1. Could you give the accessible area per residue of segment A:64-193, probe 1.4 Å, as a whole number in Å²?
2. Would you mind giving the mean number of other chain beta-carbons within 10 Å of the Cβ of each residue in A:199-206, as a whole number?
3. Run the simple label-point estimate for A:SER68 and B:ALA25 please: 7 Å along Cα→C-beta, distance reported in nm.
4. For the protein assembly as shown, what is the mean residue ellipticity at 222 nm derived from helices alone (per DSSP H run of n ≥ 4: -39500 (n - 2.57); sum divided by total residues; nearest 500 deg cm²/dmol)?
5. Just to be sure I understand: if I project the alpha-carbon convex hull of segment A:88-297 onto a plane and average over all orientations, what area do I get in nm²?
6. Within 10 Å, count the other beta carbons around each residue, average over each peptide in B:107-120, B:276-289, B:79-92, and list them highest first.
7. Given points 7 Å out from each Cα along the Cα-Cβ axis, report the A:LEU161 to B:LEU105 separation in nanometres with one decimal.
8. Which value in Å does the Kirkwood hydrodynamic radius of segment B:175-314 take, with 1/r averaged over all unlike C-alpha pairs and then inverted?
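The values are calculated or read from the model by the stated rules, or taken from the named source; none is laboratory data. These numbers were taken from a predicted model, which means no experiment stands behind them. FYI the Cβ positions are ideal-geometry reconstructions off the backbone, even for glycines, and counts take in every protein chain you see. All accessible areas refer to the heavy atoms of the entire protein, side chains included, with ligands and DNA or RNA removed. Shrake-Rupley method; radii C 1.70, N 1.55, O 1.52, S 1.80 Å.
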Amino acid sequence: MSTTELVRETPAPVAPAGPDRRNRWYKLRPKLWHLFLIPFCLLWVYPFIWMVSAAFKSQSEMLLGGLSLIPDEWTFENFERAWTTARFGDYTINTVTFSITVVLIVLLASAAAGYALSRPDLPGRKVIVGILIATMFIPHGYTIIPVFLLVSDLGLNNGLLGAALAQAGPALVVPILLFMGFFAGIPRDLEDAARVDGAGYLRTFFRVMLPLSKPVIGTVTLLNFITAWNSFFVPLVFTLGNPDLRTLGVGMYNFFGQEGTDWTGMAAAACISTIPIVVVFLFLQRTFVEGIAGAVKN
Amino acid sequence: MASTYAAARRPRAAGRWRRHAWSYAFLVPAALLFGGFSIWPMIASWWYSFFDWDGVGSPTDWVGLDNFREVLGSGDFWDAFWHSFLFSLAALVIELPLALVLAILLNNALLRGRNVYRLALFLPVVTTTAVVGIVFAILFDPVRGVVNTALSDLGLIDSSINFLGSTSTALPTLIGIDIWKGFGITLIYWLAALQTIPKDIHEAALIDGASSRQSLRFVVLPMLIPLAIVILLLVFQRSLNTFDLVQATTQGGPNYATDVVPTYIYRFAFDPFLQAPRYGFACAAGVVFGVMTLLITLLQAPVLRRQYKAGATT
């Protein structure tokens, strides 16, 4: 102990062994973290590894139990069962329809509203933005009953459009703020130039401003697509009376309730539900992570 | 100031509104959606909660405060509220600091493969809660579940644990899964917060003779406080509204041991086994929950504001 203390205090030329050792320690120290991080992360993603492995195991192999992650015999039977018998093929189509509808509604409404609110001289602008921010954290549990009743009164219940509207409405706040911030940052000269060239409000928006806002469109699309794909509460409530319209999450819930022992089938169904969205995320993760980070910083 | 503003505004008001007609037209779709599905439900919840109503026809059976009396007097409701609160508390006490530690680790540019780690930890966030919840229910199965098999193979337990089926373990298990699910997003919040701190400041502290740990403790962490408060509120809100996970796995059982407020509301309004929905009562429960959430947030506010100021001045 005391010797190392001594060495540390002596200047480098006299005792090169000291700083050298310290350097090595500094180089080694970040590497030591891998000893903790690798097992931790493997354990973290274990449920996914199990899910994929179980989806390819035969039902009899699953019954025997055991911890092996590599199936003795690879089989696609589970996927066939989940896709047709448990109707996950239909549910996938429903989920894609639902998610795309939500994204389109959110994009159109929030881009238009964001553009309108980006004009600093708009009367009532501050009040509107204030209301938006104040209601950002309204939980679904609090609002779901009136939303359900409203959609029923509109005659849209038991249809995916009603569910998409209910999903999109409360999700508008962050996209509106993102579009507003983006459009506010574009120099007014550009709009003035468009106006001089004879473009009206609509043409300026659709031909000039909207094409410029591609980065925001990308972020909003991705964030809302993933949220809509993974949503459960709203689709559950709106498809209670109509099993044909179930989304993947709701389908999984019912599958678990009815065939709770068909583990390999459920693993396959879980793969069908999660792998597409994970692939989408992996390709576009930078946009996604930056979108979240940007939202927090604001 | 106010009077001159009003005077200047009055004669031109009509012209100003007309000049912005297109802007207001552009606000209409968002206003309809947001008004219909966010603002209106908040008001309607209050209104409906004064009725005894099964959803058939318009609400006519005015019962005054009876629904609120029943909610406030219901042990089941307060149990559900307590469970919701525990989800939040656990997220704040366990997830928030743990995610910060890992964010600091992964923020180190010298660490190889940090993007892979970040990706692994973030993966649960992009998956459907209801689906991975069910996968966990299978992993935690008392008879053939992987967790029980592994624990008994290692000799850590003699008899299998019914993680989600016994009243004593179900709630902690679900809270654990909830933390697993939300951890990645909290990590990204922290990483974003850490990125806002200029590298020079940390380096300047090191040059001034502070150790890496000292710089972290006395320079970096205090600078994080303003954003930390935002993150804290986001995490608190998320866990307080846990529904998907509980509904998909235990539906609040066994014996209401994992019941949370959203599942409680769901049971009285939408449960298919219900004879007649009790929308008025369920709305009252929602209103009480909303008000309590607001109160808890407001109670935190003075403490947080003091911290915020402390953080802003250092």
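1. 45 Å²
2. Average neighbour count from other chains, rounded to a whole number: 2.
3. Computed distance between label sites A:SER68 and B:ALA25 equals 6.9 nm.
4. Calculated mean residue ellipticity at 222 nm is -21500 deg cm²/dmol.
5. The directionally averaged projection comes out at 13.9 nm².
6. B:276-289, B:79-92, B:107-120
7. With each label placed 7 Å out from Cα toward Cβ, I get 5.1 nm.
8. 18.3 Å
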